[in-house]
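Colleague: Let me begin by handing over the structure; questions about it come next.
The values are calculated or read from the model by the stated rules, or taken from the named source; none is laboratory data. Keep in mind it's a predicted model, so treat the numbers as computed, not measured. Counting neighbours? That spans all protein chains shown, and the Cβs are built from the backbone with ideal geometry, glycine included. Areas reflect the complete protein model, heavy atoms only, side chains present, ligands, DNA and RNA absent. Shrake-Rupley method; radii C 1.70, N 1.55, O 1.52, S 1.80 Å.
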Amino acid sequence: MAKQELNQHSDHIKELNNQRPKQPFFFLKPTSSILLPGDGPVLRPKGVNMHFEIELGLVMGKTVRNLDPDDTQGALDAIDSYLLAIDMTARNVQDEAKRKGLPWSIAKGFDTFLPISNSIPKSRIADPHNVEIWLSVNGQVKQQDSTELMLFRIPRQLSDISRVMTLEKGDLVLTGTPKGVGPVTTGDVMTAGMRVDGKDVEEANMKVEVEDRGGAYEFAET
């Protein structure tokens, strides 16, 4: 299961008119939402206003339960590798859910709503709190910021999750998105990447097209 951490950067909180959280908040994306590198486009369901959110992903290397938030080394040792991910969100679906106090599962869980990069070895990222991530749409940069702007550091994120549900080997945890989220529609092309100390991390390079999704589903307010 992909465990999604809503650890927004401060400017992203402002752009969505959200309140600054007092503690990390997380939700789940199904594994069926994962889109592996080269496996095709992101599919936009009918009636959906689809937004992108670029994030650093952690691939867990072992079981973690009740992690101490001050155990920085224990948290980093529990990570097997990293990746870059685009958390796709059906924004109008999410907005309705927020208004009515409903779960966000549909807004986050459509097939292809989690494109990921190739695996990034830990040796490529000395400090996951000092990584530049970026995303462009049709060649125009939309998001570009450092993971040092996280509201909650990775040990705190993993601690809060593992106190509620056990993290298992292979789980994917996304760590939050910077400002600049926005919509994409059919025909758009998203590219994304990562830099460490000003140098591109080749394994993180992503290029994902957007196409219409077929089938009977069409968003309508409940």
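Colleague: Can you report the number of residues in region 148-172 which are part of a helix (DSSP H, G or I) and loosely packed, with under 15 Cβ neighbours inside 10 Å?
Modeller: Qualifying residue count, region 148-172: 3.
Colleague: Another one. Going through Thr177, Thr191 one at a time, which residue ends up being of a type in the set (S, T, N, Q), touching a residue at least 40 places away in the same chain (Cβ under 8 Å) and closer than 23 Å to Glu96 by Cβ?
Modeller: Just one listed residue meets the conditions, Thr177.
Colleague: Here is a check on your reading of the model: is Thr177 of a type in the set (Val, Ile, Thr) and within 19 Å of Pro41 (Cα to Cα)?
Modeller: no
Colleague: Criterion first (more than 16 Å from the chain's Cα centre (by Cα), modelled with pLDDT of 95 or more, surrounded by fewer than 18 Cβ atoms within 10 Å (Cβ to Cβ) and in a strand (DSSP E or B)) does Asp80 satisfy it?
Modeller: yes
Colleague: Related question: Being more than 14 Å from the chain's Cα centre (by Cα), of a type in the set (Lys, Arg) and farther than 12 Å from Thr191 by Cα is the filter; apply it to region 108-147 and report the residue that is surrounded by the most Cβ atoms within 10 Å (Cβ to Cβ).
Modeller: Top of the filtered list is Arg124.
Colleague: Follow-up question, since we're still on this one. Please go through region 1-30 and pick out each residue that is surrounded by 13 or more Cβ atoms within 10 Å (Cβ to Cβ) and at pLDDT 65 or above.
Modeller: If the condition is that a residue be surrounded by 13 or more Cβ atoms within 10 Å (Cβ to Cβ) and at pLDDT 65 or above, then Pro21, Pro24, Phe25, Phe26, Phe27, Leu28, Lys29, Pro30 are the ones that fit.
Colleague: Within region 31-41, is even one residue among the hydroxyl-bearing types (Ser, Thr, Tyr) and in a strand (DSSP E or B)?
Modeller: no
Colleague: If you take the residues of region 181-222 that are over 29 Å from Thr147 (Cα atoms) and in a strand (DSSP E or B), which of them is most open to solvent (accessible area, probe 1.4 Å)?
Modeller: The residue in question is Glu218.
Colleague: Looking at this structure, is Arg153 basic (Lys, Arg) and under 16 Å from the mean Cα position of the chain (by Cα)?
Modeller: Values: basic (Lys, Arg): yes; under 16 Å from the mean Cα position of the chain (by Cα): yes.
Against the criterion (basic (Lys, Arg) and under 16 Å from the mean Cα position of the chain (by Cα)), Arg153 qualifies.
Colleague: If you don't mind, there's one more thing I want to ask. Only one of (1) at pLDDT 95 or above; (2) open to solvent by less than 50 Å² (accessible area, probe 1.4 Å); (3) touching a helix residue (DSSP H, G or I) at 6+ places or on another chain (Cβ under 7 Å) fails for Asp68. Which number is that?
Modeller: The one condition Asp68 does not meet is (2).
Colleague: If you don't mind, there's one more thing I want to ask. Output the qualifying pairs, or none if there are none: Cβ atoms under 8 angstrom, residues six or more apart or on different chains, first residue in region 101-123 and at positive phi, second residue modelled with pLDDT of 95 or more and in a strand (DSSP E or B).
Modeller: Thr112/Leu35; Thr112/Val42; Thr112/Leu43
Colleague: I'd like the full set of residues that are of a type in the set (S, T, N, Q), assigned to a helix (DSSP H, G or I) and touching a residue at least 24 places away in the same chain (Cβ under 8 Å), limited to region 43-77.
Modeller: Thr72
Colleague: crowded, with 23+ Cβ neighbours inside 10 Å, closer than 23 Å to Asp197 by Cβ and of a type in the set (Asp, Glu) - does that describe any residue in region 47-58?
Modeller: There is at least one residue in region 47-58 that is crowded, with 23+ Cβ neighbours inside 10 Å, closer than 23 Å to Asp197 by Cβ and of a type in the set (Asp, Glu).
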